[in-house]
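These notes concern the structure reproduced below.
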Amino acid sequence: MVQDGIAHLPVGLGPQDADYSYIPPLSDDLALLILARVPPSVHPKLGLVNKRYLALSRSRELYNVRQEIGINEPAVFMLVSGELHWCSLNPRLGICTRLPELPSDACFAFGDKESLCIGSQLLVSGKEIQGLVIWRYELAANKWFKGPSMINPRCLFASANCGAVACIAGGIGMLPYVGVLNSAEKYDPYRRVWEPLPVMNKRRKLCSGFFMDNRFYVIGGVDEFNKDLICGEYYDGERDVWILVPEMMKGAPSSTSRSPPLVAVANNELYSLDTSSNRLKVYLKGSNSWGELGEVPVRADHSRGWGVAFKSLGDELLLIGLPRDPSVGHRLIICTCWHDPHVNMMHWRFLGSNGNNSSPFVFNCSVMADRS
């Protein structure tokens, strides 16, 4: 009770009578519901509470719960020039954290790499002294692991997060097949294994992949004769075949640098960024054509399509690159946008910059969505 503004214990009950020696622990189910509502960037700190919380924060069940209750908080993983470590950006909270050092050899560290997120894993493919390898960052463990290797190791391939699995296709093979590939594979993040998919209709490298209408699409690139491909194709999982889409790239932003097409999907709609004019286009499914949306605030033409991140971010598009406005400075800016189809306008949101004036180039960028 409170008297004269001072708290008093009830008569007959002294401090020594209060028994706090037993506090019923939260059940795992309840603890997971609480942890699921906390940003993943905070999980390592909560893991310091006790070993049980640490184990729960690293469990697959946590990511299943986040998916079940509809929490969607994607993380953006980037490697930019001037940095030796990958970083993780929470675009909603503006929190950027550095990942542990990737324990690769110097050949992998300074060579070209390709990245892909699936579930709570970031896959980074590149070449070590012994050949092509994959390093796997697991968010729950906050640690890098090596492997597993693809069935057909490759580079310059198309890839996409396709919900429960990740899919890759095309590219340039190393061993056992050297040349432009038409083979495809899918990665199961739970079993950590690669499985073969049927071969595509076309061999293609420097192509791009995306997930739309519950299908894995591969678009653009060049064939084994170094000829530009304007057709696309998608994998039909029910029939286990690839379906060709003639002239899918006709009227799309062109690439004069042989860089993969800059494409991304938001709200199940496909967008493409022109690397010569810095203009955005949207794919019109009904007519197999492209519509104009206007200029973007980032210079996609700075390195002719290379060094720019153009990614899917749920209902928005993510764009990272040098600003077109020179007064902003010579450093990467990060922005998102969403398309209002009723008035055919883009709405932009500026998230800031990477804060490093020596980092005008994005080597790799991948978005980890809350899919497990």
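The values are calculated or read from the model by the stated rules, or taken from the named source; none is laboratory data. Predicted model, so just to flag it, every value in this text is computed and none were measured. Because the Cβ atoms are built from the backbone with ideal geometry, glycine has one as well, and the counts that use them run over all protein chains shown.
Quick notes on this structure:
- If the condition is being outside any strand (DSSP E or B) and modelled with pLDDT under 90, then the stretch 86-107 contributes Pro91, Arg92, Leu93, Gly94.
- When Leu197, Leu229, Leu206 are checked against the criterion of being at positive phi and in contact (Cβ under 8 Å) with a residue 12 or more places away in the chain, a single residue qualifies: Leu206.
- Here Val178, Val193 are screened, and the one residue that is farther than 25 Å from Gly111 by Cβ and β-branched (Val, Ile, Thr) is Val193.
- Of the strands (runs of 3 or more DSSP E) lying entirely inside the stretch 111-164, those containing at least 3 residues that are among the hydrophobic types (A, V, I, L, M, F, W, C) are 113-118, 121-128, 131-138.
- Among the residues of the stretch 129-144, the ones that are within 24 Å of Pro176 (Cα to Cα) and either of a type in the set (A, V, I, L, M, F, W, C) or at pLDDT below 95 (or both) come to 7 in all.
- Leading residue by the ranking (modelled with the lowest pLDDT) among those in the stretch 240-283 that are over 16 Å from Val296 (Cα atoms) and charged (D, E, K, R): Arg258
- Looking only at the stretch 255-313, residues that are touching a residue at least 60 places away in the same chain (Cβ under 8 Å) and among the polar types (S, T, N, Q) come to 2 in all.
- Residue-level check: of (1) in contact (Cβ under 8 Å) with a residue 40 or more places away in the chain; (2) assigned by TED's automatic domain parsing to the domain that holds Leu318, His85 misses just (1).
- Val343 fulfils the conditions (1) crowded, with 16+ Cβ neighbours inside 10 Å; (2) modelled with pLDDT under 95; (3) aliphatic (A, V, I, L, M) except for a single criterion, (1).
- Taking the stretch 93-137 as the range and being touching an Asp or Glu at 6+ places or on another chain (Cβ under 7 Å), more than 16 Å from Phe157 (Cβ to Cβ) and surrounded by 15 or more Cβ atoms within 10 Å (Cβ to Cβ) as the test, the residues that pass are Ser104, Phe108, Ser120, Gln121, Glu128.
- Scanning the stretch 346-372 for residues that are at pLDDT below 80 and exposed (fewer than 13 other Cβ atoms within 10 Å of the Cβ) returns Gly355, Asn357, Ser358.
- Single condition Leu54 does not satisfy, out of (1) over 18 Å from Ala141 (Cβ atoms); (2) at pLDDT below 80: (1)
- Taking every residue in the stretch 145-162 that is surrounded by fewer than 21 Cβ atoms within 10 Å (Cβ to Cβ) and pairing it with any residue that is hydroxyl-bearing (Ser, Thr, Tyr) and modelled with pLDDT under 95, at least 6 positions away or on another chain, the pairs with Cβ-Cβ distances below 8 Å are Asn152/Tyr177.
- Residue, farthest from Met345 (Cα to Cα), within the stretch 274-330, restricted to residues that are among the β-branched types (Val, Ile, Thr) and surrounded by fewer than 21 Cβ atoms within 10 Å (Cβ to Cβ): Val328
- When the residues of the stretch 68-85 are filtered to those that are closer than 12 Å to Met368 by Cβ and part of a loop (DSSP other than H, G, I, E, B), the one that is nearest to the chain's Cα centre (by Cα) is Pro74.
- Qualifying residue in the stretch 173-187 (condition: of a type in the set (Phe, Trp, Tyr), crowded, with 21+ Cβ neighbours inside 10 Å and over 22 Å from Leu244 (Cβ atoms)): yes
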